[in-house]
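Presented below is the structure to which this report refers.
A short reminder: the numbers here are calculations on the coordinates, not readings from a lab. What you are looking at is a predicted structure, and each value in this text was computed from that prediction instead of being measured. All Cβ positions, even for glycine, are placed from backbone atoms using ideal geometry, and neighbour counts span all protein chains on display.
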Amino acid sequence: MLNKPHPEHQDYFPTEVEGRSPHLTNVSTAQRLPADITQIFRKAKEGRVLFADRNALLPEYLPKHLPFRNQQINAVAEVLAPALHGSKPSNLLLYGKTGTGKTAVTKLVLSKLQMQGVPKLTASYINTRIANTEYRVLAEFAATLDVKIPFTGLSIGEVTSRIFSMIRDKGAYAILVLDEIDYLISNYGDDILYEFTRAGERISPGFLAIIGISNNLQFKEALNPRVLTSLGEEELIFPPYTVQELKAILSDRSQIAFRPGVVLQPAVGLCAAMAGSEHGDARRAVDLLRVAGEVAEREGLQRIDEECIRKASQKAEHDRVEEALRSLPVQNKLILLAVSKFKEGTNTGQLYLSYTALTARAGLEALTQRRVSGILAELDLLGLVEAAVISKGRRGRTKRIKLIIDPITLDRVLREDPDLAIN
Ligand SMILES: Nc1ncnc2c1ncn2[C@@H]1O[C@H](COP(=O)(O)OP(=O)(O)OP(=O)(O)O)[C@@H](O)[C@H]1O
Ligand SMILES: [Mg+2]
């Protein structure tokens, strides 16, 4: 099923049209395109009417002020402050749901710390989801310490030793932030962390303090107890924002991002309410406002109205689903594919049979039924399937599992995965 060209894909390769030669077809397309492009560019230029600084709504933008996070900013600063006079700070773990300001707070404190002019201090920030492999995490960290590491070729142990030698020889005060640390742990285990947290004497007179950041509390379960005790010397929790807080954050941001009069209070209120409907997620709020601005711009409106925000929300939901699907491990994708075979939903037994047939076709080992049930619970949490418990009277209870996302989107995303080339 997955190798069949999708009807949508066929449209990308139009065949000859109404007896014209393909060459003539191309010419007519070429004649049409420049006009479209001109229009797109003209609209984009006019769009400047709405946005004053669109960058202020991009995910990587770091605001100068982070309202409602003073407590967390001060707490991180307190933990790191001893580094300024050469004492090793405690390691620190930061938790909180997505969009609660963990990354923004940490980057803000690090930048202030670096401004204190302590030459021995190096503060390195690495997102382990983006750095993606253990080797890259180490190589990026090494680069910030001026340790030269080839792109590949050295063992993890060798890279770690070179990093430690440099810290010791320079007497460096090294602070390493590992953002989205759960990615590193779930893919590579906690070996590096074990080495890092036990470096102690080996790097004296220098030191290495670690800040781990995660929106997934469960990653702690995968840690060696000694690593956990050491890494979690200090812990800090980031609560979700309230809708009122999101409103204030958005008001501030919209004043930088948009021209006066483009975003009125009701629009800010609606964005905040939508972004706060599950948990107060500032990223979602800011994204929503940016996309709503883009919708308003494309539609030639003078201000962002309710309709723009609703359209932005639909688009964001669609993007969220696609992103969640792309990042799933192959077994989870196969389980979803099995669920999608049953339009009206199915029970765990039937689902397992369908799943094992798919794994056989894909040349993969099937997981146990117990493990599949665990993965189904995760897919339920991600909002991709719905697993409802149904009572069958005296015969007990069973689960009915149903896909709750668009099957065409699922099909399109799964098709991108080379491991799923099922014949
Ligand atoms: N208090 C705040 N004031 C202004 N903007 C904020 C605040 N908190 C977060 N933001 C903005 O919201 C977005 C998300 O914040 P951030 O990236 O820090 O979240 P996070 O907790 O790291 O989420 P994740 O766990 O998904 O990585 C960023 O664009 C950030 O600038
Ligand atoms: Mg983050």
Revision key, fill the gap. In the neighbourhood of Ser214 defined by beta carbon distances under 15 Å, the net charge of the other residues (Lys, Arg +1; Asp, Glu -1) is -3
Review point. Using the alpha-carbon centroid of each, what span in Å lies between region 87-131 and region 392-414?
Key: 41
Point to revise | Residue-count net charge about Ser354 - beta-carbon cut-off 12 Å; Lys, Arg +1, Asp, Glu -1 | key: +2
Practice item. Kindly state, to the nearest 0.05, the FRET efficiency for Lys341 paired with Leu264, given R0 = 51 Å and r defined as their beta-carbon distance. Key: 0.60
Review point. Given the C-alpha centroids of region 326-350 and region 228-244, what is the distance between them in whole angstrom?
Key: 34
Review point. For the chain, what is the calculated [θ] at 222 nm in deg cm²/dmol (nearest 500), taking -39500 (n - 2.57) for each run of four or more DSSP H residues and dividing by its residue count?
Key: -16000 deg cm²/dmol
Revision key, fill the gap. Note on region 329-409: contact order normalised by length, alpha-carbon pairs under 8 Å, 6 or more apart, percent, works out to 35
Check your understanding: So who's got an amide H within less than 5 Å of the one on Ala209, skipping anything under 5 residues away but keeping other chains? H placed 1.01 Å off N, in plane.
Key -> Ala174, Ile175, Leu176
Review point. Arg394 to Asp419: FRET efficiency via 1/(1 + (r/R0)^6), r the Cβ-Cβ distance, R0 45 Å, to the nearest 0.05?
Key: 0.55
**Study point:** Simple spin-label estimate for Asp406 and Asp319 in nanometres, 7 Å along Cα-Cβ
**Key:** 1.5
**Study point:** Loop GluC sites (Glu not before Pro), region 313-408, which have at most 13 other Cβ atoms in a 10 Å radius of their Cβ (DSSP)
**Key:** Glu344, Glu365
**Study point:** Asn127 long-range amide H proximity, modeled H, under 5 Å
**Key:** Asp179
Check your understanding: What does the charge add up to near Val413, with Lys and Arg as +1, Asp and Glu as -1, over the other residues with Cβ less than 12 Å from its Cβ?
Key -> -3
